[in-house]
Amino acid sequence: MEKRETLEKQAIDEVCECRYYDLADTIEETSDEDLLALINHLIPCEICGQ
């Protein structure tokens, strides 16, 4: 469980401002793989491109 909490915190810290609230609302349903992709900036934002 600690690993999941760490992933969630890192994803919230790394996600751009455009997607922050969307991620915060759906973080429990977001897969570990998607969180890692956000942390590593592999999923660009449709709004700002980050």
Task: Pair list, Cβ < 6 Å and 6+ apart or interchain, from the stretch 14-28 residues that are within 15 Å of PRO44 (Cβ to Cβ) to residues that are open to solvent by less than 100 Å² (accessible area, probe 1.4 Å) and in a loop (DSSP other than H, G, I, E, B) - done: CYS16/CYS45; CYS16/CYS48; CYS18/CYS45; CYS18/CYS48; ARG19/CYS45; LEU23/VAL15
- [ ] Please state which of the following conditions GLU5 fails to meet, knowing it meets all the rest: (1) part of a helix (DSSP H, G or I); (2) free of Cβ contacts under 8 Å to residues at least 12 places away in the same chain; (3) surrounded by 10 or more Cβ atoms within 10 Å (Cβ to Cβ).
- [x] (3)
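Please go through the stretch 29-42 and give me each residue that is assigned to a helix (DSSP H, G or I) and either of a type in the set (S, T, N, Q) or touching a residue at least 12 places away in the same chain (Cβ under 8 Å) (or both), ordered by number. Write out each step before concluding.
First pass over the stretch 29-42, keeping only residues assigned to a helix (DSSP H, G or I): 32-39.
Matches in the stretch 29-42: ASP32, LEU35, LEU36, LEU38, ILE39.
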Task: Single residue of the stretch 16-38 satisfying the filter (touching a Leu at 6+ places or on another chain (Cβ under 9 Å) and at pLDDT 95 or above) that is surrounded by the most Cβ atoms within 10 Å (Cβ to Cβ) - done: LEU35
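The values are calculated or read from the model by the stated rules, or taken from the named source; none is laboratory data. Because the structure is predicted, anything quoted here is derived from the model rather than measured. Because the Cβ atoms are built from the backbone with ideal geometry, glycine has one as well, and the counts that use them run over all protein chains shown. The area values use the complete protein model at the heavy-atom level, side chains included, leaving out ligands, DNA and RNA. Shrake-Rupley method; radii C 1.70, N 1.55, O 1.52, S 1.80 Å.
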